[in-house]
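> Would you mind keeping the following structure in view while I ask a few things?
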Amino acid sequence: MINDLLHSFPGQDQNEAVFVFARPYPVAFLGTALIFFIVFIFSVLGQLALMNTNFFQISDTNVIGFAVLFLGIFQLATIIVFLVAVLDFYYDLIIVTDRRLIDIDQEQLFFRRIAELSLEDIEDVSSQTQGFLQDLFNYGTVEIQTAGAKDNFNIRNIHMPREVAAITLDLSEKAKRGVTEHLRLPDTSIMGVINNRAITSPGALLAAGAMQPTDMRRSPRNAFE
Amino acid sequence: MNSLLIFYALFVLILVGVGVLVIYNFIRYRFKDDKTLLFIGLFSLLFVLDIILTLSLFSAVSASTIGL
């Protein structure tokens with residue numbers, strides 16, 4: 001079965017609305033992509049240079065053939081390593097629902113860590129943008145301090161970090177005040193961030209598939225009935 | 001020259017196997033409407049184009065050997 005927002009992690013309840021579903025912002029991957037691109041292009045240029053006998057002064061065609069194939073294998077291995085790097089980056093996720101926060105870290109090829117935190121256990125939430133690119137493209141780090149001895153959550157390269165922090169904090173405060181789970185709705189102007197897009201109304205959350213069609217919060221009037 | 005090609009084909013097969021393993025590992029966690037299939041499609045295309053480029057360069061080298 002392919003996951004969707006309402007089946008986005010193991011143990012998600014049936015009526016659990018999702019307010020934040022964010023992957024790392026692609027701009028944060030540009031540095032890594034540039035390194036792979038340079039390595040790949042230099043390897044292809046090396047192959048082409050081998051064809052020009054004046055460039056390397058090699059006349060033995062067996063040696064040239066071997067070098068061409070060796071660089072070809074190197075390029076294919078580079079493509080696979082790059083694919084792993086892309087998917088490693090892309091599969092990191094932060095999900096904030098009306099009752100918990102889930103941090104999914106794809107750390108290596110076969111290592112996937114899923115950390116979960118109840119909204120009641122959130123002590124403080126802060127956001128941080130650092131450097132020219134983060135400031136320009138509005139992405140950065142969201143730091144979530146937890147109550148007790150639990151580890152803090154540092155979620156890096158998230159688009160709209162201030163909004164994500166505000167939504168998480170607002171939902172956490174509602175949870176601590178004892179607001180029922182299915183009535184929790186952020187009071188912030190942006191009430192959701194789904195796939196790096198700002199959501200400003202419960203209707204848009206519903207349209208994004210982050211809320212059940214029967215959810216009472218789908219229109220503001222229903223939420224307070 | 002032929003033995004070089006056989007070694008190349010062997011390595012390509014191993015890398016295809018690794019690629020399939022990578023794709024299988026990640027595709028389990030894909031989401032509806034996410035970009036996983038786009039990435040896999042683009043990288044597969046690049047993989048095939050790279051093999052075609054390498055083999056065409058190699059055949060040019062082989063042709064020059066025959067010429068000698």
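> Has the range A:34-55 got at least one residue that is part of a helix (DSSP H, G or I), at the interface with another protein chain (Cβ under 8 Å from one of its Cβ atoms) and under 16 Å from the mean Cα position of the chain (by Cα)?
Looking through the range A:34-55, none of the residues is part of a helix (DSSP H, G or I), at the interface with another protein chain (Cβ under 8 Å from one of its Cβ atoms) and under 16 Å from the mean Cα position of the chain (by Cα).
> Tell me, please, whether a residue that is under 14 Å from the mean Cα position of the chain (by Cα) and either within 14 Å of another protein chain (Cβ to nearest Cβ) or farther than 21 Å from A:ASN15 by Cβ (or both) can be found in the range A:141-148. Before the answer, list the steps.
Keep residues of the range A:141-148 that are under 14 Å from the mean Cα position of the chain (by Cα), which gives A:141-142.
Subset that is either within 14 Å of another protein chain (Cβ to nearest Cβ) or farther than 21 Å from A:ASN15 by Cβ (or both): A:141-142.
Within the range A:141-148 (the criterion being under 14 Å from the mean Cα position of the chain (by Cα) and either within 14 Å of another protein chain (Cβ to nearest Cβ) or farther than 21 Å from A:ASN15 by Cβ (or both)), the answer is yes, since at least one residue qualifies.
> I'm told A:LEU50 meets every condition in (1) surrounded by 16 or more Cβ atoms within 10 Å (Cβ to Cβ); (2) touching a residue at least 40 places away in the same chain (Cβ under 8 Å); (3) aliphatic (A, V, I, L, M) except one. Can you identify the failing condition by its number?
With respect to (1) surrounded by 16 or more Cβ atoms within 10 Å (Cβ to Cβ); (2) touching a residue at least 40 places away in the same chain (Cβ under 8 Å); (3) aliphatic (A, V, I, L, M), A:LEU50 is out only on (2).
> Taking into account only those residues within the range A:6-47 that are touching a residue at least 40 places away in the same chain (Cβ under 8 Å) and among the β-branched types (Val, Ile, Thr), which is surrounded by the most Cβ atoms within 10 Å (Cβ to Cβ)?
Looking at the filtered set, the residue picked out is A:VAL20.
> Can you tell me which of B:PHE31, B:PHE47, B:PHE7 is on the phi < 0 side of the Ramachandran plot, free of Cβ contacts under 8 Å to residues at least 40 places away in the same chain, at the interface with another protein chain (Cβ under 10 Å from one of its Cβ atoms) and more than 19 Å from the chain's Cα centre (by Cα)? Talk me through it step by step, then tell me what you get.
Working: B:PHE47 fails: more than 19 Å from the chain's Cα centre (by Cα); B:PHE7 fails: more than 19 Å from the chain's Cα centre (by Cα).
That would be B:PHE31, the only listed residue that is on the phi < 0 side of the Ramachandran plot, free of Cβ contacts under 8 Å to residues at least 40 places away in the same chain, at the interface with another protein chain (Cβ under 10 Å from one of its Cβ atoms) and more than 19 Å from the chain's Cα centre (by Cα).
> If a residue has to be within 12 Å of chain B (Cβ to nearest Cβ), over 21 Å from A:MET216 (Cα atoms) and not in a loop (DSSP other than H, G, I, E, B) to count, how many in the range A:1-32 make the cut?
Summing the residues that are within 12 Å of chain B (Cβ to nearest Cβ), over 21 Å from A:MET216 (Cα atoms) and not in a loop (DSSP other than H, G, I, E, B) in the range A:1-32 gives 3.
> Could you pull out the residue among A:GLN12, A:GLN106, A:GLN47, A:GLN57 that is modelled with pLDDT under 90 and in contact with a helix residue (DSSP H, G or I) (Cβ under 6 Å, 6 or more places away or on another chain)? Break it down stepwise before answering.
On the way: A:GLN12 fails: in contact with a helix residue (DSSP H, G or I) (Cβ under 6 Å, 6 or more places away or on another chain); A:GLN47 fails: modelled with pLDDT under 90; A:GLN57 fails: in contact with a helix residue (DSSP H, G or I) (Cβ under 6 Å, 6 or more places away or on another chain).
After ruling out the rest, the residue left standing is A:GLN106.
> Related question: Checking the structure you have, find out if any residue of the range B:16-29 is surrounded by 15 or more Cβ atoms within 10 Å (Cβ to Cβ), part of a helix (DSSP H, G or I) and of a type in the set (Gly, Ala, Ser).
Within the range B:16-29 (the criterion being surrounded by 15 or more Cβ atoms within 10 Å (Cβ to Cβ), part of a helix (DSSP H, G or I) and of a type in the set (Gly, Ala, Ser)), the answer is yes, since at least one residue qualifies.
> Only one residue in A:ASP187, A:ASP151, A:ASP170 is free of Cβ contacts under 8 Å to residues at least 60 places away in the same chain and assigned to a helix (DSSP H, G or I), so which one is that? Write out each step before concluding.
Values: A:ASP187 fails: assigned to a helix (DSSP H, G or I); A:ASP151 fails: assigned to a helix (DSSP H, G or I).
One residue alone meets the criteria, A:ASP170.
> Identify all residues within the range A:81-95 that are part of a helix (DSSP H, G or I), under 8 Å from the mean Cα position of the chain (by Cα) and within 10 Å of chain B (Cβ to nearest Cβ); write none if there are none. Don't jump to the end; show me each part of the working.
Here is the first cut: in the range A:81-95, the ones part of a helix (DSSP H, G or I) are A:81-90.
Filter again for under 8 Å from the mean Cα position of the chain (by Cα), leaving A:89-90.
Correct list: A:TYR90 only.
The values are calculated or read from the model by the stated rules, or taken from the named source; none is laboratory data. No experiment lies behind these values; they were computed from the predicted model shown. All Cβ positions, even for glycine, are placed from backbone atoms using ideal geometry, and neighbour counts span all protein chains on display.
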